[in-house]
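Q: If you scroll down you'll find the structure; I have some questions about it.
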Amino acid sequence: MARRRHIIQKNTEKEYEFVPPRFDEKEFIVKDIYETKVLAVIALISVITGLLCSYLQKNSPSEYGLELSLSLFFLTIFFLKNIMKILHFNVHTIETRSWIGNYIMFTFLGMGVWILMINAPFM
């Protein structure tokens, strides 16, 4: 039987060489520290909002204490970026995923403080 000859073709394509993007470590650290400062301020605002909502719910002169407290809480969430602008933070440099995390943290921390403050030991 005759053998087939395998013709070896040389690779004429250029090999792809991966070039990693430039990474600026200083810029990354400065941005991360700034986002952490924003997170800390938002945590402080959420604790203050939780305290105000619990005070408003318990000591409201009308029967609509809960509704007023919920209104204050959700208005604070809605105007959180504006509050941060008033406090001289540059909100445009913070990424959307960081804002989503800040909103979630604000909601749970504020509600947690509010619930703790309206119950028996702290009332």
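The values are calculated or read from the model by the stated rules, or taken from the named source; none is laboratory data. Not measured: the values here are computed from a predicted model. Ideal geometry is used to build each Cβ from the backbone, glycine not excepted, and the neighbour counts take in all protein chains shown. Heavy atoms of the whole protein, side chains included, go into the accessibility calculation; ligands, DNA and RNA do not. Shrake-Rupley method; radii C 1.70, N 1.55, O 1.52, S 1.80 Å.
Q: What's the ranking of 36-44, 89-97, 51-59, 18-26 by average number of surrounding C-beta atoms within 10 Å, highest first? Show your work: numbers first, answer last.
A: Numbers: 36-44: 14.6, 89-97: 11.3, 51-59: 17.0, 18-26: 6.0.
Descending mean neighbour count gives 51-59, 36-44, 89-97, 18-26.
Q: Over all Cα pairs of the chain, how is the pair count split among 5 Å bins, expressed in % and running from 0 up to the last occupied bin?
A: In order of increasing distance, the bins hold 2, 9, 14, 15, 11, 8, 7, 5, 4, 3, 3, 3, 3, 3, 3, 2, 2, 1, 1, 0, 0, 0 percent.
Q: Stretch Asn82-Met105 to full length: gain in nm at 0.36 nm per residue minus the Cα-Cα span? Before the final figure, lay out each step's value.
A: Values: separation 23, 0.36 × 23 = 8.28 nm, distance 1.74 nm.
So the chain would gain 6.5 nm between Asn82 and Met105.
Q: When only Cα pairs under 8 Å and 6 or more residues apart are kept, what is the percent relative contact order across region 32-123? Please report the intermediate quantities before stating the final value.
A: Working: 65 pairs, mean separation 40.0, N = 92.
43 percent.
Q: Whole-Hz ³J(HN,Hα) for each residue in region 83-99, computed from phi via Karplus 6.51 cos²θ - 1.76 cosθ + 1.60 with θ = phi - 60°, x for glycine and proline: what do you get?
A: Calculated HN-Hα couplings, in order: 5, 5, 5, 4, 7, 6, 9, 8, 7, 7, 7, 8, 6, 5, 5, 6, 5 Hz.
Q: Report, to the nearest 10°, how far helix 25-58 tilts away from the longest principal axis of the Cα atoms in the chain, using its own Cα long axis and a range of 0 to 90°.
A: So the inclination is approximately 30 degrees.
Q: Another question, then. Would you mind telling me the share, in percent, of accessible area of the chain contributed by carbon and sulfur at probe 1.4 angstrom?
A: On the way: 6630 of 10380 Å².
Carbon and sulfur atoms account for 64 percent of the accessible area of the chain.
Q: Mean projection of the alpha-carbon convex hull of region 38-103 over all orientations, in nm²? List each step's numbers first, then the result.
A: Values: hull surface 18.1 nm².
The orientation-averaged projected area of the Cα hull of region 38-103 comes to 4.5 nm².
Q: Where the only charges are on Cβ atoms (+1 Lys, Arg; -1 Asp, Glu), what is the dipole of region 15-123 about its Cα centre, to the nearest 20 debye?
A: Working: 8 positive and 10 negative charges, 95 e Å.
Charge dipole, region 15-123, about its Cα centre: 460 debye, nearest 20.
Q: Quick one: ranking Val113, Val30, Val47 by accessible area, 1.4 Å probe, largest first, what do you get? All intermediate terms of the calculation are to be shown ahead of the outcome.
A: Details: Val113 20, Val30 90, Val47 50 Å².
Solvent-accessible surface, decreasing: Val30, Val47, Val113.
Q: Further question on the same structure: Ignoring ligands, DNA and RNA, what accessible area per residue does region 15-123 give at 1.4 Å, in Å²?
A: Working: 8030 Å² over 109 residues.
That works out to 74 Å² per residue.
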